[in-house]
């Protein structure tokens, strides 16, 4: 996992997935909040299993979307940037409360496959959201607040 200092060109919110369509609501609400706060920043949800899109599919869609923006010029065959253009940077945010098997093992394996398939794209993997002190603080405030 890395802590990036430069802003990403796009954000993928990565969650487990569920057959229950209502389960996706909170993840999609985070994506919508990002869209409201940062309208020029592409954001999408991706899932490990049980619903679509998968992380590789969402990444490919985002790469294609970013390649057509004026600041990125890439060769269509391999997503390599043309000489002089900067590489795409996509941040993957694991929407897990802890560093369990999916964040510790599955995500790095998928990220390695993404990097091999798209060598000109920098995939930055954030820490799981539950490891962020701000989330811990907010959850504690919610737990002790009056109903």
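Derivation of every value follows stated rules applied to the coordinates shown; laboratory data play no part. Keep in mind the model is a prediction, meaning the values are calculated, not measured. As a convention, Cβ positions derive from the backbone with ideal geometry for all residues, glycine included, and neighbour counts pool all protein chains shown.
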Inter-label distance, nm, simple model (7 Å from Cα along the C-beta direction), residue 139/residue 116: 3.3
Distribution of pairwise C-alpha distances over the range 106-145, 5 Å bins, in %: 5, 20, 18, 14, 10, 12, 10, 7, 4, 1
Beta bridges by DSSP in the range 10-144, antiparallel share as percent, to the nearest 5: 5
Segment residue 35-residue 50, extension gain: residue separation times 0.36 nm, minus the distance between their alpha carbons: 2.9 nm
Euclidean distance between Cα centres, the range 10-62 to the range 86-147, Å: 12
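Once the Cβ-Cβ distance between residue 61 and residue 146 is put in as r, and R0 is 41 Å, what FRET efficiency do you end up with, to the nearest 0.05? Can you show the working numbers first?
Values: r = 43 Å, r/R0 = 1.05.
Result of the calculation: an efficiency of 0.45.
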Sorted by Cβ density within 10 Å, fewest first, the residues 67, 101: 101, 67
Rg [Å, one decimal], Dmax [Å, integer] - the range 10-144, C-alpha atoms: 15.8, 55
